[in-house]
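Colleague: Have a look at the structure that comes next, please.
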Amino acid sequence: MGRRKIKDVHSQSKEGCQMKNINIDVHHLTRVEGHGNIVVNIKEGTIERCEWQIPEAPRFFEAMIKGRHYSEIQRIVSRICGICAVGHTLASLKATENALGVTISEQSTILRRILKHAENFDSHILHIYFLVAPDLLGVKSVFPLVETHKDVVKIALRLKRLGHEWGSILAGRTTHPTKCIPGGWSMIPTEKELKQLKQKIIDSVSDVEETLKVLISVAPNIPDFTRKTEYIGLIDDYEYGLYDGMIGSLTPDGNINKYNVSDYRSITNEWVSPLSTAKYTKHFMDSYMVGALARININYDRLHSKAKETAEAIGFKTLCFNPYMNSIAQFIECVHSAYITIGYIDQLLNIGVNTEEKPTKPTKFGRGFGSTEVPRGILFHEYEYDEEGFCKGGNCVIPTNQNHANIQKDFEKIVPELIKADKNEDQIELTLSMLVRAYDPCISCSAHYLDVVFKK
Amino acid sequence: MKYIFGFGTYTRGDDSIGLRIVEYIQNNNLETNFNAVDIGNDNYLFLTYFTEDVENMLIIDAADIGLDPGDFLIFSPDDVVSKKTINNISTHEGDVIKSIEFAKKLGYPIPRIKILGIQPKNLDFNSEISQELKNNFQLYINAALEEIGKVYKNPLSN
């Protein structure tokens, strides 16, 4: 963890927490995707600073797509994220198809739904096992787990491979898919490939069951913290809100309001905070949360029965206002994705897979809106096309940005609680780091070229 | 099984060279007795390929190895020491050499591994690959296909 100028300055006063001096500067937080800083200064028990800071530079994707043909857009915006590439592709395609007056076939829709589940499964497994589990198992990274929990790491890698193959069979590749195009698919998977995928998922049931046992064993280490907030996520009449649907807002009183995707700007209400280069969002309250916990709180009744059984086994109950439980919600979604995908494959096999299906052509050119849930929450894309199909402009609102304000509000509630509980500096830092990681933030992308020296 | 793995990031100039080579191989149906896989920065995905049935891996990546931009070298991971310090493995934090060490610690079978390292010139955001790398692109393809096509006999087998 990148820490600067950490001082052990706990007061020895009898007043304890009231007189505590704390200086936390995590710069940058590790085991999240991208860069964010945690800064907390407490002087003689008074909180002077308590901040979740985002220092990333803007990336200008909305400028990059101007003047590009509609057939290229989803390929370009897929590059916004190496983990949520499927989600960006699908949200982009939905916005483009909305703008172009395109309705895709039932077969194409089901295949996209399966692909969306593949991405969620793949990303959630990575987050639960490799980014969150070290905290719950009391180590600083995944590396020590090789010595202490080798079998757990191997299960994680097998499930990770399943998630990758799940997406690759459908889309050519899971990261930056190639076969999803405006109007449908450039290539439809064969019945043989779908049967292979179904069998791979069935073969992984034992690994999923082992994961449940691991999570039940570490669940007591999940911090007990609640803060009532608003949850935003898709509500889909067809299934658990993930690929499609209307925007749903769940407030702490249990009320759910639904909105058209085209009204997304009235939900996100982006604004600029001096703490962040990323925009903040707010709706009914000062902040809202998106992601697996939001989705489950909004859509619990639509979960597959096996996923509900998993939730009960772990002791997860809605409405849940503990953001640390987002990782548990992610695993429940993994179970849902596995079983619902088997059902979708059976549905396709019963209908009969038409590998000759051609993409639907545009009927108009104008403005369009698309939304899908990515692992970290609800994602919005909007484009406008000229009469020749070239993009005049676009807007993308990603889920991690929508969570930043909620993380800040969580900080403002939990830090006084931690001080009151007389937690020391290291405990506060770990608790805040775990909180940010629970949101599974995906803040930007970076390069990973080899940097080596020869031995001789 | 034999694999060619492309590592890198599309949006960082020459860091995308491994991905572009894999893409070229796939698009031109050059996968004869091997599979070409776009790993990107997903080191966990790379780790899942350490299985009993894999005999040969060729990793293609931009590598700061002190050559002129565009020049390349094929070497073994055992020939080098990584200068990178990483706290964890993620899409934002990873290293091929350390991932191979991780696989060894997990007790996974380690096949013959070679790295085709290409000296980058430009790693700026949202940039294309440098002219030096474009000029040598076919050389990289030829070298990769020649390397993965080699037959290696296990010295321990009869």
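Every read-out reported here was derived from the displayed coordinates using simple, explicitly stated rules and does not represent laboratory data. Just so we're clear, the structure is a prediction, and the values are computed from it rather than from any experiment. As a convention, Cβ positions derive from the backbone with ideal geometry for all residues, glycine included, and neighbour counts pool all protein chains shown.
Colleague: At a Cα cut-off below 19 Å, give the aspartates and glutamates reachable from A:Lys423, other chains included and same-chain residues fewer than 8 away excluded.
Modeller: A:Asp8, A:Glu15, A:Asp25, A:Glu44, A:Glu48, A:Glu51, A:Asp135, A:Asp224, A:Asp410, A:Glu412
Colleague: At a temperature of 10 °C and a viscosity of 1.306 mPa s, determine how fast segment A:11-153 diffuses translationally according to Stokes-Einstein, using the Kirkwood radius over alpha-carbon pairs as Rh; express D in µm²/s, rounded to the nearest whole number.
Modeller: The calculation lands on 81 µm²/s.
Colleague: With no solvent and one point per C-alpha, what does the Debye sum give as log10 I(q)/I(0) for the protein assembly as shown at q = 0.10 Å⁻¹?
Modeller: -0.90
Colleague: While we're looking at this one, here's another question. Which of the three applies to segment A:223-287, rounded, prolate or oblate, going by the alpha-carbon gyration tensor with a ≥ b ≥ c and a/c under 1.5 meaning rounded?
Modeller: oblate
Colleague: Where Rh is the Kirkwood radius over the Cα pairs of segment A:188-338, the temperature 37 °C and the viscosity 0.692 mPa s, what D in µm²/s does Stokes-Einstein return?
Modeller: The calculation lands on 192 µm²/s.
Colleague: Can you give the Kirkwood hydrodynamic radius for segment B:1-82, in Å, rounded to one decimal and based on Cα pairs?
Modeller: Values: mean 1/r = 0.0736 Å⁻¹.
Result for segment B:1-82, one decimal place: 13.6 Å.
Colleague: Projecting each Cα onto the charge dipole of chain B (Lys/Arg +1, Asp/Glu -1 at the beta carbon, about the Cα centre), which of B:Ser16, B:Ile129, B:Leu30 comes out farthest on the positive side?
Modeller: Value: B:Leu30.
Colleague: Using the alpha-carbon atoms, what tilt in degrees (0 to 90, nearest 10) does helix A:205-218 show relative to the longest principal axis of chain A?
Modeller: Roughly 20 degrees between the two axes.
Colleague: To continue, here is another question. Tell me, what is the FRET efficiency for B:Phe137 and B:Asp68 to the nearest 0.05, using R0 = 25 angstrom and their Cβ-Cβ distance as r?
Modeller: Efficiency, rounded to the nearest 0.05: 0.95.
Colleague: Another question, if that's okay. What's the FRET efficiency of A:Lys150 with A:Gln199 using the Cβ-Cβ distance as r and R₀ = 30 Å, to the nearest 0.05?
Modeller: Details: r = 27 Å, r/R0 = 0.89.
Once rounded, the FRET efficiency stands at 0.70.
Colleague: Let me ask something else about it. Could you size up the charge dipole of the protein assembly as shown around its Cα centre, putting +1 on the beta carbon of Lys and Arg and -1 on that of Asp and Glu, and report it in debye to the nearest 20? Mind dumping the intermediate values first?
Modeller: Numbers: 69 positive and 79 negative charges, 87 e Å.
About 420 debye.
Colleague: Take the residue pairs A:Lys228/A:Lys306; A:Lys282/A:Lys308; A:Lys66/A:Lys94; A:Lys140/A:Lys420 and return only those whose Cα atoms are more than 22 Å apart.
Modeller: In this structure, A:Lys228/A:Lys306; A:Lys282/A:Lys308; A:Lys140/A:Lys420 lie more than 22 Å apart at Cα.
Colleague: Kindly list the residues of segment B:1-40 that lie in the label zone of A:Lys192, defined by a backbone N under 12 Å from the point 7 Å along the Cα-to-C-beta vector.
Modeller: Taking a point 7 Å out along Cα→Cβ of A:Lys192, no residue of segment B:1-40 has its backbone N under 12 Å.
Colleague: Going Cα to Cα from A:Lys200, which aspartates and glutamates come in below 20 Å? Please leave out same-chain ones fewer than 8 positions away.
Modeller: Hits, sequence-local ones excluded: A:Glu119, A:Asp122, A:Asp151, A:Glu165, A:Glu191, A:Glu209, A:Glu210, A:Glu333, A:Asp346, B:Glu52, B:Asp53.
Colleague: Okay, next question. Can you find, among B:Leu58, B:Phe5, B:Ile113, the residue farthest towards the positive end of the dipole of chain B? Put +1 on the C-beta of Lys and Arg, -1 on that of Asp and Glu.
Modeller: Sorting the options by dipole projection puts first B:Ile113.
Colleague: Can you grab the distance from the C-alpha centre of segment A:46-84 to the C-alpha centre of segment A:386-411, Å, no decimals?
Modeller: 8
Colleague: Let me ask something else. So, in Å, what gap is there between the alpha-carbon centers of segment B:34-54 and segment B:96-127?
Modeller: Result: 11 Å between the Cα centres.
Colleague: With the Cα gyration tensor of chain B giving a ≥ b ≥ c as the square roots of its eigenvalues, does the rule (a/c under 1.5 for rounded; else a/b larger than b/c for prolate; else oblate) give rounded, prolate or oblate?
Modeller: Oblate is the answer for chain B, as a/c is 1.5 or above yet b/c matches or exceeds a/b.
Colleague: Taking the 0 to 90 degree range and rounding to the nearest ten, how far is the long axis of helix A:191-203 tilted relative to the main principal axis of chain A, both from C-alpha atoms?
Modeller: 20
Colleague: R0 = 22 Å: FRET efficiency of B:Asn29 with A:Lys66, Cβ-based, nearest 0.05?
Modeller: 0.05
Colleague: So, one more: Return one number: the angle in degrees, 0 to 90 and rounded to the nearest 10, between the long axis of the Cα atoms of helix A:326-351 and the longest principal axis of the Cα atoms of chain A.
Modeller: On a 0 to 90 degree scale, this one is about 10.
Colleague: Putting +1 on Lys and Arg Cβ atoms and -1 on Asp and Glu Cβ atoms, find which of A:Gly138, B:Leu73, A:Thr190 reaches farthest to the positive end of the dipole of the protein assembly as shown.
Modeller: Projecting each Cα onto the dipole axis, the largest value belongs to A:Gly138.
Colleague: What is the sum of charges, Lys and Arg at +1 and Asp and Glu at -1, for the other residues whose Cβ falls under 10 Å from the Cβ of B:Tyr44?
Modeller: Surrounding charge for B:Tyr44 is 0.
Colleague: While we're on this one: At 222 nm, what helix-only mean residue ellipticity would chain B give, in deg cm²/dmol to the nearest 500, using -39500 (n - 2.57) for each DSSP H run of four or more?
Modeller: My calculation for chain B gives -8000 deg cm²/dmol from helical runs alone.
Colleague: A further question on this structure: Sort A:Trp166, A:Trp271 by Cβ crowding within 10 Å, fewest neighbours at the top. Write out the running numbers ahead of the final one.
Modeller: Details: A:Trp166 25, A:Trp271 10.
Least crowded to most crowded, the residues run A:Trp271, A:Trp166.
Colleague: Please work out the Cα center distance from segment A:103-163 to segment A:298-336, rounded to the nearest Å.
Modeller: 16
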